[in-house]
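The values are calculated or read from the model by the stated rules, or taken from the named source; none is laboratory data. Just so it is clear, the structure is predicted and the values come from calculations on it, not from any experiment. Note: ideal-geometry Cβ built from the backbone for every residue, glycine included; neighbour counts use all protein chains shown.
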């Protein structure tokens, strides 16, 4: 106790503290507090933004919310194209640690030789290598199960096309980035793709999302596109076309089926086709959507149009007599001939027997300008107004440059070119009581409103001629169906090779409609280079027309308008070309 | 005065601790929700995938292939017709039957 300092009485401590000292201490402490307050104010108020940002960078993340690509459906809601998850496998070569057995297993799952896999993983300089894009989900799960370090998966989506080659040309396909490349996938890419959204979140140490911050941008999902295509009609058309192309040893073929009241495209098929999921060894031949992108000289399928325009101009009547004898006609150094000398024919007979001389004589009653204007009104020489990539215009030269012989050849379908689609479209003028109606690839239920090109009476007269042409005694009796009355015109065109026409290469056409009194559908068929000897449109293309019409009308629930008779096929009249 | 301050201090402390707990709980639940949403999305995608697969198995092209290859079926045409005759039917019908081109099913 004695050693302790007595603060109160110690004389050493009795020295008087100067007042300024205590004031100085108080001031010093006050200053320190003021400093703290200043700093706090700076952090909380003036520099707040900066600090908030720095903090956020350390725990907040922006996540992308991908938008699902819309589906493509047929008119009955069946799926033609849809996106399914498919992981892409990638690796960091440096980090890969795997036993030989694991690598072998991975190689088999990726369907690539082990050597290729080793080569990919051997490149140590790279920090990122795709091993395979878009593998199927079950395979991806198996790869995950092997558990090799340094192999990662990225979630992606892959388009699936359940209908395969039947709808390949219509639907098209997307690339690995999910962007449309062909067909409807390309034409409606914007609508289908949608727009990705985003959200700002806080992630914890384990990478789990624990909180939403700020505003969210919900993704705009891709719209579903419902087409006018009926997948059943499409399939039948494809099946019949494929069988016919193979049987006729032809190079290719196309079929177009239009609904003649609404203008919807019910089917659009081409052969050869391809499976959209497996596009490795695709050739241009397979990819071509011939019905829309290839133009040809249509041959005799043009004759009904020649007759219709002459009827409309009042130059002829269905019963007007046309002299086609002796089956040849010379004009400007060319000789135009029929296969037979048909002698004296009525206008109806010209269509029924498909007389070239008859058609040119009818055309001579018209002026080039009148013909040209009708061609334009019917959509020739113009791109079809259809939401589809690659549709071509075809060729109709300005009427001022026509020579008389060209005007004559155009009457029976040479010297101008059109796609099968344009051909079928122009026939809507006959089917729809003289109106040419707009066509659409999208489902619509309202009857189309068209532009009057021919009068209803003339359209009806031409329909009667078409019915005669497709009946026994005409050029296309094989177009007859069981139960439904049909009408249509066959065509057999020499193929143009270089500057002239090949003598042994043909293109067989048939364009027609059914039931003939009140047409519901228009079917166009084109077979390219039938080379088994049956190259006439009435023999190569008409049977396809018949089968497609039969199946389609039955499927649409159209009542048969004829009593069912046993099939009797008479000899077709040989056609001029 | 001192007692009131003490009570207020305790109240503030309790409230602060409760806030921490609530925040923790809300984050935990949020993680759960997030997981459930992801699961729902996955199931939705699976549903989509299976629907496409189902459709792919039932397309006319596939059915045709199976019918032709596995069941050896062929396309019918009216040319293949079987005429069934009544026993007591007049002879004309029998004549037609014999003329008809028929195959056994």
With respect to residue A:336, is the statement that it is more than 22 Å from residue A:464 (Cβ to Cβ) and in contact with a strand residue (DSSP E or B) (Cβ under 6 Å, 6 or more places away or on another chain) true? yes
Qualifying residues in the range A:119-140 (those that are in contact with a helix residue (DSSP H, G or I) (Cβ under 8 Å, 6 or more places away or on another chain) and within 14 Å of chain B (Cβ to nearest Cβ)) - the one surrounded by the most Cβ atoms within 10 Å (Cβ to Cβ): A:135
Yes/no for residue B:54 being without any contact (Cβ under 8 Å) to a residue 40 or more places away in the chain, surrounded by 10 or more Cβ atoms within 10 Å (Cβ to Cβ) and more than 9 Å from chain A (Cβ to nearest Cβ): no
Going through the range A:494-552 in order, the residues found to be touching a strand residue (DSSP E or B) at 6+ places or on another chain (Cβ under 8 Å), more than 28 Å from residue A:409 (Cβ to Cβ) and modelled with pLDDT under 90 are A:514
I want to confirm something. Restricting to the range A:410-430 and keeping residues that are more than 26 Å from the chain's Cα centre (by Cα) and over 15 Å from residue A:508 (Cα atoms), which single residue is surrounded by the most Cβ atoms within 10 Å (Cβ to Cβ)? A:430
Applying the selection to the range A:485-521, what residues are more than 22 Å from residue A:428 (Cα to Cα) and assigned to a loop (DSSP other than H, G, I, E, B)? A:498, A:499
If you take the residues in the range A:449-462 that are surrounded by 16 or more Cβ atoms within 10 Å (Cβ to Cβ) and in a loop (DSSP other than H, G, I, E, B), which one is nearest to the chain's Cα centre (by Cα)? A:450
Selected residue (only one of A:482, A:548 is part of a loop (DSSP other than H, G, I, E, B), touching a residue at least 12 places away in the same chain (Cβ under 8 Å) and within 14 Å of another protein chain (Cβ to nearest Cβ)): A:482
Looking at A:194, A:183, A:150, A:214, can you tell me which residue is closer than 18 Å to residue A:276 by Cβ and either touching a helix residue (DSSP H, G or I) at 6+ places or on another chain (Cβ under 7 Å) or more than 14 Å from chain B (Cβ to nearest Cβ) (or both)? A:183
Condition first: part of a helix (DSSP H, G or I), touching a strand residue (DSSP E or B) at 6+ places or on another chain (Cβ under 6 Å) and not assigned by TED's automatic domain parsing to the domain that holds residue A:165. Can you find one or more residues in the range A:307-322 that meet it? no
Looking only at helices (runs of 4 or more DSSP H) that lie completely in the range A:20-139, which have at least 3 residues being outside the structural domain of residue A:212 (by TED's automatic domain parsing)? A:48-59
